[in-house]
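These notes concern the structure reproduced below.
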Amino acid sequence: MPLNDTDLKRLARLARIRLEPQELASLAPQFAGILDLIQQLQAVPTQGIEPLAHALDLEQRLRADEVTEADGRALFQPLAPEMEQGLYLVPQVIE
Amino acid sequence: MDWEVVIGIETHAQLATRSKIFSGASTRFGAEPNAQACAVDLALPGVLPVLNRQAVEHAIRFGLAVGATVAPRSVFARKNYFYPDLPKGYQISQYERPVVSGGAIRFFSAEQEKTVRLTRAHLEEDAGKSLHEDFQGRSGIDLNRAGTPLLEIVSEPDLRSAADAVAYARALHQLVIWIGICDGNMQEGSFRCDANVSVRPVGQDELGTRCEIKNLNSFRFMEKAILYEVRRQIRTLEDGGSIIQETRLYDPERDETRAMRSKEDAQDYRYFPDPDLLPVRISEDWVAQVRATLPELPADMRARFVQSYGLSAYDADLLTGSQALAQYFQTLHQLLGGDAKLCANWVCGEFLAALRRSEREVQEAPVTPQQLCDLLRRIQDGTLSGKMAKELFDVLWQEGGAVDALIAQRGLSQISDAGVLEQIIDALLAAHPAQVAEFRAGKDKVFGFFVGRAMKACAGRANPEQLNALLRQRLAG
């Protein structure tokens with residue numbers, strides 16, 4: 001199943017990956033291969049089968065509603081490239 | 001052309017938990033920036049989410065309160081998008097198997113009980129907060145809110161006017177507070193609504209293209225935003241244009257909605273089951289336990305007030321505005337031993353008005369049900385006129401005290417002694433022979449003159465019905 005450049009560019013934008021034009025050419029057949037694989041999977045008859053939500057046949061453990069984490073700001077913030085007044089700074093985003 | 005308005009509401013109710021939905025960080029409002037963002041909330045490598053039992057229980061509670069189906073097995077999914085206040089690059093939400101499906105909200109609008117069907121209610125985590133001012137060319141990110149548990153409640157497009165949409169949102173707001181799953185504080189963002197609005201020609205089955213108005217954080221703005229959006233869509237269509245499906249933001253200062261994201265940027269969230277979280281099993285026992293602790297719901301209480309107390313639907317709706325108010329009314333009614341209508345009039349009237357004036361909650365009211373009951377007794381036995389009782393209520397509210405002591409102190413009691421009233425009337429008739437003659441000649445208006453003078457003569461303390469009767473009797477000669 002071939003993918004055109006528009007689809008590829010859109011995927012790249014959604015994934016926030018910058019693609020050079022020459023990369024597009026080599027990626028197209030790779031993606032087509034992945035999609036072929038998916039198509040094979042989709043050909044398997046699945047009527048009456050409960051969709052699988054998790055590979056493990058277990059159920060989620062729940063925790064009690066208790067505050068167990070102390071203020072770790074002093075520990076975590078030095079990891080960030082930029083911070084000010086306790087805030088993590090990022091390139092400006094405007095809605 | 002006549003247009004029909006179609007509205008559906010999505011609400012994010014912040015669940016009342018101490019800790020976050022997937023981490024042990026505190027959810028307390030107003031902390032120093034990032035002081036409540038732990039390694040899980042920051043999405044540091046190697047961390048795993050662990051689900052908060054209380055958040056699931058709140059969702060179950062909501063499901064039961066709206067008569068919905070609570071899923072025996074529920075699944076969490078990743079909703080993928082990039083924004084700096086979402087450090088993982090995805091929000092943990094629910095997609096195919098939400099905890100709650102179906103159900104309905106009953107509400108009261110324009111003196112009518114209406115019902116809106118719910119599509120679903122699912123659990124998810126909140127994102128952080130972005131601050132765009134104060135940092136040149138930078139945005140500041142506070143992740144204290146990241147991971148706060150939310151219940152997203154989605155209604156069917158059953159609403160047909162801005163007023164109904166607001167009435168629905170108010171009823172939902174009242175309900176989540178009532179059942180104790182959300183504090184309902186809109187200023188702090190604990191209850192946020194988005195409205196999906198479209199219009200279609202009356203009689204058309206197919207829905208028009210909708211726009212989503214985001215972040216309506218007050219009921220007043222919600223109504224104004226919808227009214228504006230409906231006008232905009234109708235104007236666009238009547239001018240031969242078409243509506244583009246988009247997200248719009250309401251600007252209260254200019255009273256208009258503006259496009260936020262265009263369709264070109266439409267998100268593709270690529271939902272898939274979160275491999276970090278196993279499916280959640282909700283046993284019948286758990287559901288039964290939650291059901292056992294559910295209080296009488298506002299709509300049921302409203303119906304009971306109408307049926308067993310004979311109150312109007314309007315009064316019953318006002319009285320069930322909050323659990324505390326309904327409790328106040330019921331305590332008062334019990335103390336007084338009946339006369340629900342009198343209790344309702346006073347609670348909906350003077351009491352609510354005084355609460356609003358002083359910006360207080362029911363629990364902080366300075367007049368207790370016992371004090372109000374004492375006051376109402378003195379109305380019932382004729383000691384106080386309605387007007388006097390209102391004056392005394394203000395005194396009780398401002399200064400406190402015991403009703404009977406205040407009546408004695410202030411000489412407030414009503415004059416119902418026929419002898420005293422007759423004396424006043426006779427003196428009045430003797431002093432105004434001309435007016436007496438006019439009245440007897442058929443000029444009925446003069447009656448008011450005598451009532452006024454008589455009331456003045458006894459400083460307003462005369463029992464009005466009695467005064468009227470005696471006056472008519474004496475004037476008739």
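The values are calculated or read from the model by the stated rules, or taken from the named source; none is laboratory data. Since this is a predicted model, take the numbers as computed values, not measurements. Positions of Cβ are generated from backbone atoms using ideal geometry, with glycine treated the same way; all protein chains shown enter the neighbour counts. Just so you know, the surface numbers come from the protein's heavy atoms only, side chains and all, with ligands and any DNA or RNA stripped out. Shrake-Rupley method; radii C 1.70, N 1.55, O 1.52, S 1.80 Å.
Using a Förster distance of 41 Å, how high is the FRET efficiency between B:Glu206 and B:Glu253, based on the Cβ-Cβ distance and rounded to 0.05? Could the numbers behind the result be given before it?
Numbers: r = 36 Å, r/R0 = 0.87.
After rounding to 0.05, the efficiency reads 0.70.
Assigning unit charges at the beta carbon (Lys, Arg +1; Asp, Glu -1) and nothing else, what dipole magnitude in debye, to the nearest 20, does chain B show about its Cα centre? Write down the numbers at each step before the final one.
On the way: 55 positive and 63 negative charges, 135 e Å.
Dipole about the Cα centre, nearest 20: 660 debye.
Lys/Arg Cβ at +1, Asp/Glu Cβ at -1, dipole of chain B taken about the Cα centre: which of B:Ala402, B:Ala313, B:Ala344 is farthest positive-ward?
It is B:Ala402.
Go through B:Pro279, B:Ala292, B:Ala326 and say which Cα lies farthest out towards the positive end of the charge dipole of segment B:268-358; charges sit on Cβ, +1 for Lys and Arg, -1 for Asp and Glu.
Of the listed residues, the answer is B:Ala326.
Could you name the aspartates and glutamates in cross-link range of B:Lys387, using Cα to Cα under 17 Å and dropping any fewer than eight places away on the same chain?
Partners found: B:Glu350, B:Asp374, B:Asp404, B:Glu465.
Which whole number gives the average, over all residues in B:46-54, of C-beta atoms from other chains lying within 10 Å of the residue C-beta? Spell out each step's value before the answer.
Values: counts 0, 0, 0, 2, 4, 4, 5, 5, 5.
Other-chain Cβ atoms within 10 Å of each residue's Cβ, averaged: 3.
How large is the accessible surface per residue of chain A, computed with a 1.4 Å probe and reported in Å² as a whole number? Please list the in-between numbers first.
Numbers: 7530 Å² over 95 residues.
Averaged over the residues of chain A, the accessible area is 79 Å².
What's the total accessible area buried between chains A and B, using a 1.4 Å probe, rounded to the nearest 100 Å²?
Details: alone 9730 and 24070 Å², together 29600 Å².
When A and B are taken together, about 4200 Å² of accessible area is lost.
Relative contact order for chain B: what percent, with Cα pairs under 8 Å and sequence separation of 6 or more? Present the calculation step by step, with values, prior to reporting the outcome.
Working: 819 pairs, mean separation 66.1, N = 477.
Reported as a whole number, the value is 14 percent.
Positive end of the charge dipole of segment B:177-248 (Lys, Arg +1 and Asp, Glu -1 on Cβ, about the Cα centre): tell me which of B:Pro201, B:Leu227, B:Ile181 has its Cα farthest that way.
Going by the charge dipole, the pick is B:Leu227.
Would you mind checking the tilt of helix B:298-309 against the longest principal axis of the Cα atoms of chain B, expressed as 0 to 90 degrees and rounded to 10?
Approximately 20 degrees, to the nearest ten.
Work out the mean other chain Cβ neighbour count within 10 Å for the residues of B:135-145 and drop it here as an integer.
Numbers: counts 7, 1, 3, 9, 8, 10, 7, 4, 4, 2, 0.
The per-residue average across the peptide is 5.
Summing +1 for each Lys or Arg and -1 for each Asp or Glu, what net charge is found among the other residues whose Cβ lies under 9 Å from the Cβ of B:Tyr90? Provide the component values of the computation, followed by the final result.
Values: positive: B:Arg78, B:Lys79, B:Lys88, B:Arg270; negative: B:Asp274.
With Lys, Arg at +1 and Asp, Glu at -1, the neighbours total +3.
To test your reading of the geometry: what angle, between 0 and 90 degrees and rounded to tens, separates the Cα axis of helix B:369-380 from the longest principal axis of chain B?
30 degrees
With +1 on the Cβ of every Lys and Arg and -1 on the Cβ of every Asp and Glu, and nothing else charged, how large is the dipole of segment B:418-475 about its Cα centre, in debye rounded to the nearest 20? Each step should come with its number before you reach the end.
Values: 8 positive and 5 negative charges, 26 e Å.
My answer is approximately 120 debye.
For the protein assembly as shown, with only Lys/Arg (+1) and Asp/Glu (-1) charged at the beta-carbon, what is the dipole magnitude about the Cα centre, in debye rounded to 20? Before the final figure, lay out each step's value.
Working: 63 positive and 78 negative charges, 273 e Å.
The dipole of the protein assembly as shown has a size of about 1320 debye.
Multiply the residue gap between B:Gln363 and B:Arg18 by 0.36 nm, knock off their C-alpha separation, and tell me the result in nm, one decimal place. Please list the in-between numbers first.
On the way: separation 345, 0.36 × 345 = 124.20 nm, distance 2.32 nm.
Length gained, B:Gln363 through B:Arg18: 121.9 nm.
Measure nothing fancy, just the Cα-based angle from helix B:323-336's long axis to the longest principal axis of chain B, in degrees from 0 to 90, nearest 10.
30 degrees
What whole-number distance in Å separates the alpha-carbon centres of segment B:199-278 and segment A:25-84?
Here the two parts' Cα centres lie 30 Å apart.
At R0 = 30 Å, how high is the FRET efficiency between A:Lys9 and A:Val93 if r is their beta carbon distance? Nearest 0.05 is fine. Intermediate values should be presented prior to the final figure.
Numbers: r = 22 Å, r/R0 = 0.72.
Plugging the Cβ-Cβ distance into 1/(1 + (r/R0)^6) gives 0.90.
What value, in deg cm²/dmol to 500, does the helix sum -39500 (n - 2.57) over DSSP H runs of n ≥ 4 give at 222 nm once divided by the residues of chain B?
-12000 deg cm²/dmol
In nm, what is the difference between 0.36 nm times the number of residues separating B:Leu227 and B:Arg117 and their Cα-Cα distance?
On the way: separation 110, 0.36 × 110 = 39.60 nm, distance 2.22 nm.
Taking 0.36 nm per residue and subtracting the Cα distance, the gain is 37.4 nm.
Quick check on my link table: of A:Lys9/B:Lys129; B:Lys88/B:Lys114; B:Lys20/B:Lys224, which ones sit more than 32 Å apart, alpha carbon to alpha carbon? Don't skip to the end; give the middle numbers.
On the way: A:Lys9/B:Lys129 30 Å; B:Lys88/B:Lys114 41 Å; B:Lys20/B:Lys224 34 Å.
Beyond 32 Å between Cα atoms: B:Lys88/B:Lys114; B:Lys20/B:Lys224.
Using a Förster distance of 60 angstrom, determine the FRET efficiency expected from the C-beta separation of B:Ala292 and A:Ser26, and round it to 0.05.
Working: r = 63 Å, r/R0 = 1.05.
Plugging the Cβ-Cβ distance into 1/(1 + (r/R0)^6) gives 0.45.
For B:Lys445, go through the lysines and keep the ones whose alpha-carbon is under 21 Å away, minus same-chain ones fewer than eight residues off.
B:Lys456
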